[in-house]
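Student: Right, I'll just put the structure down here and ask away after.
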Amino acid sequence: MKQTLSLTLFTLAALLGLAALLALAPVVPASAAKVRPASAKKAAAPKITITGVKVLEFGVYTSTVTKREKVASVVDGIKDRATDFKLVRKSTLVDAGLGTGIGMKYVLRGSPKGAAVNIDVVVRHPAMVNPETKETMTQSTATFERVIGQGEYAVWSFDIPADLVPGEYVIELVYEGKVLAQKVFRVKIRK
């Protein structure tokens, strides 16, 4: 009997507690539960539009490599991430040696400002042999994430002795198959 009374009191206390909680909970009609307020809808991502590129400077650069990746789409197999770009000389006629970089500083124009997009940096260059694949290549491509409205760099660097090939180098900025900017360099090799 003592156990039954304890169990009954316990059950009664639990039911009273549940009733108190239910009294505090708002009553929502079943039809209202299915309707979401407009503010709860997922906001659509803004449409990104690239209207062009403004080339700010071009020529011979130095930089600090912060990350080096192996990629098959670049003739020497190297995709560098670099910082501290410094324009050494404004020119499209270049006397290159190991460590020389050629390219441009630019700003993507479009909207929304601050949006990140993928830009292909395409370099058309004299025939060179990829040391990994042994394939002869005349074009190298690397994709970089860039920000609309922010100063960015596209620089080709002569990283290994096999890169030191004289001739014409054309650097292009390409977005969704469209060439946005192009710079042509004539390269001689330093003796």
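The values are calculated or read from the model by the stated rules, or taken from the named source; none is laboratory data. Nothing here was measured: the structure is a model prediction, and the numbers come from that model. Because the Cβ atoms are built from the backbone with ideal geometry, glycine has one as well, and the counts that use them run over all protein chains shown.
Student: Does at least one position in region 99-120 carry a residue that is surrounded by fewer than 18 Cβ atoms within 10 Å (Cβ to Cβ) and more than 17 Å from the chain's Cα centre (by Cα)?
Tutor: Among the residues of region 99-120, at least one is surrounded by fewer than 18 Cβ atoms within 10 Å (Cβ to Cβ) and more than 17 Å from the chain's Cα centre (by Cα), which makes the answer yes.
Student: Condition check: assigned by TED's automatic domain parsing to the domain that holds V174, assigned to a loop (DSSP other than H, G, I, E, B) and within 20 Å of the chain's Cα centre (by Cα). Does V74 satisfy that?
Tutor: In short, yes.
Student: Now for a different question. For the condition over 21 Å from V174 (Cα atoms) and more than 24 Å from the chain's Cα centre (by Cα), what is the one hit in K86, K134?
Tutor: None of the others qualify; the one that does is K134.
Student: Another question, if that's okay. Residues E152, E135: which one is of a type in the set (D, E) and exposed (fewer than 12 other Cβ atoms within 10 Å of the Cβ)?
Tutor: The conditions single out E135.
Student: Which of the residues that make up region 76-92 are within 26 Å of T136 (Cβ to Cβ) and out of contact with any Pro (no Cβ under 9 Å at 6 or more places or on another chain)?
Tutor: Of everything in region 76-92, those that are within 26 Å of T136 (Cβ to Cβ) and out of contact with any Pro (no Cβ under 9 Å at 6 or more places or on another chain) turn out to be I78, K79, D80, T92.
Student: Residues in region 60-86 that are crowded, with 17+ Cβ neighbours inside 10 Å and of a type outside the set (S, T, Y): how many?
Tutor: 10
Student: Would you mind finding the one in A142, A96 that is out of contact with any helix residue (DSSP H, G or I) (no Cβ under 7 Å at 6 or more places or on another chain) and over 30 Å from K47 (Cβ atoms)?
Tutor: It is A96.
Student: With the structure loaded, tell me whether G149 is modelled with pLDDT of 95 or more, in a loop (DSSP other than H, G, I, E, B) and out of contact with any strand residue (DSSP E or B) (no Cβ under 6 Å at 6 or more places or on another chain) or whether it fails that test.
Tutor: yes
Student: Now for a different question. Which one of these does E57 not meet: (1) surrounded by 11 or more Cβ atoms within 10 Å (Cβ to Cβ); (2) touching a Gly at 6+ places or on another chain (Cβ under 9 Å); (3) at pLDDT 95 or above; (4) within 27 Å of V165 (Cβ to Cβ)?
Tutor: Failed condition: (2).
Student: Can I ask one more? Restricting attention to region 148-175, and to residues there that are under 18 Å from the mean Cα position of the chain (by Cα) and in contact (Cβ under 8 Å) with a residue 60 or more places away in the chain, which single residue is nearest to I48 (Cα to Cα)?
Tutor: Checked region 148-175; the qualifying residue nearest to I48 (Cα to Cα) is I148.
Student: Could you tell me which of the residues Y175, Y153 is of a type in the set (F, W, Y) and more than 20 Å from V75 (Cβ to Cβ)?
Tutor: Every option except Y175 fails the conditions.
Student: Taking V179 as the residue in question, decide whether it is loosely packed, with under 14 Cβ neighbours inside 10 Å, assigned by TED's automatic domain parsing to the domain that holds V55 and among the β-branched types (V, I, T).
Tutor: yes
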